[in-house]
Amino acid sequence: MYPYTILAFLCLAIPGFGKLLTPTNVRMDSVNFKNILRWNPPPGFMEDGDIVYKVQYKLDVDKQMKYTDVCMTKDLECDLTYITYRFDARVSAAVGDNQSDWMTIHFEPGSQSFWKLLEPTNVRMDSINFKNILRWNPPPGFTDDEDVVYTVQYKIDYVDKQMKFFNVCVTKELNCDLTDIIYKCYARVSAAVGDNQSEWMTIQFDPYSETVIGPPEVLVFSRSGHLDISMSGPFVESDSKKDTIKEKYGECLYKILYWKEEDPFQVLAVNTSQSTKTLTGLETWTNYCLKVQVYIHDYEKEGQFSPTVCERTTSDGRIPWWQIAGVFLITMLFTMTTVLGLCYFGYTAYNRWRSFPSYSIPEHMKEFLSNPFNNTPTLPPQPLEECGESCEPLTFLSEENEETKEETNETA
């Protein structure tokens, strides 16, 4: 490198030696008609040197046609994609007023030597709960909406290596559904533009070891100081039937992580192979949070965690002694108050009833009162000798007056 540097310095510094050398390694990089003219700096100059490059072209139809300017740049490339016919391209370097000679190449865009369709890129299998989708990106130089047709094939990974591939998809999309393939297999994809087809891009896929296991469905119920957990799924993503992951693998565990909501760093774990689990030994009237994932022991696979669920524990069903004593005292106080109230009410009613006197009406007065008032009372006939005026006072005596009179007579 040093001889070129000295030579460049002499060429620019000494009169008569001031000719700037031409760019080197001029070439056309063309992929899918994306034509980029590239070059290296003149000998003795670095890529970041203060050099301006000029690029021109002319179509290869008339030898007398003049060159047309395309680029004036300090970069080491120029885009000539829009030129679709055979043409000559050339590039020259300039430092100030000192310009090099032209370096010219001939290029034909339709030439097979420059037209090789590359393979699709980033081929991968996205699989969740055995829903297998093969995805890929377009070949370099193409976008998603260009007219490229993709072919997808697969074959089962049997011992027989001569087994042929079978077509699954012929599509313009960038994905293909391979959910029906439930065994270890090879999948490959190729791109085509017209009659020009790329090479195949092949991947190997084992759904049992590579599929991502989704989260299970979790329900939590609080009961007598415990938390009852009900778990279901995850389910296989299939259009035909709803199998569970457990039915696919034969055995799986539910791994439960739980903690107090106020202390999320103190996490406890418990495993179960059943679809239900009761968490015991919890503090009463406390908020607990939990999440669940599926674990496949044979493949050492851990599924995705379910969303976090929080629930509050209730009483453990045991009544504290102070509550029992309180209820007993309140009941006794209420009973005593009720009994005393009833006794007082009965005593008061009895005294009021005793304060009213009782009278005894003679029988003939009862008979007189029972007759209608508009009838003349009938008296029994009396002897003539006894007729005459006889008047005596009529006195009504109550039982109390009779008792009082009897007591007075006894005292006398």
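Remarks
- Among LEU227, LEU329, LEU253, LEU282, the sequence by solvent-accessible area, most first, with a 1.4 Å probe is LEU329, LEU253, LEU282, LEU227.
- Length released on extending from VAL149 to ASP180, taking residue separation times 0.36 nm less the Cα-Cα span: 8.9 nm
- Sites VAL170 and ASP75, calculated FRET efficiency, Cβ-Cβ separation with R0 51 Å, nearest 0.05: 0.80
- FRET efficiency estimate (nearest 0.05) - Cβ-Cβ, ILE36 to ILE203, R0 35 angstrom: 0.70
- Subtracting the Cα-Cα distance of GLU217 and THR348 from 0.36 nm times their residue separation leaves 40.1 nm of extension gain.
- For the set TRP353, TRP200, TRP259, the ranking by accessible area, highest first and with no ligand, DNA or RNA atoms included, is TRP353, TRP200, TRP259 under a 1.4 Å probe.
- Rolling a 1.4 Å probe over the protein heavy atoms leaves CYS343 with an accessible area of roughly 80 Å².
- Computed from the Cβ-Cβ distance with R0 of 60 Å, the FRET efficiency linking ILE324 to HIS297 stands at 0.75.
- In this structure, the amide hydrogen of LEU76, modeled 1.01 Å from its nitrogen in the peptide plane, lies closer than 5 angstrom to no residue at least 5 positions away or on a different chain.
- Whole-number accessible area per residue in Å² for the stretch 105-258, which is evaluated in the context of all protein chains at 1.4 Å: 54
- When the GluC sites (Glu not before Pro) in the stretch 211-301 are filtered for DSSP coil states and for at most 11 other beta-carbon atoms within 10 Å of their beta-carbon, the remaining sites are GLU251, GLU262, GLU283, GLU300.
- Model label points for ASP29 and ILE156, set 7 angstrom from Cα along the Cα-to-Cβ axis, are 4.5 nm apart.
The values are calculated or read from the model by the stated rules, or taken from the named source; none is laboratory data. Please read all numbers here as calculations on a predicted model, not as lab measurements. FYI the Cβ positions are ideal-geometry reconstructions off the backbone, even for glycines, and counts take in every protein chain you see. Only protein heavy atoms, including side chains, enter the accessible area calculation; ligands, DNA and RNA are left aside. Shrake-Rupley method; radii C 1.70, N 1.55, O 1.52, S 1.80 Å.
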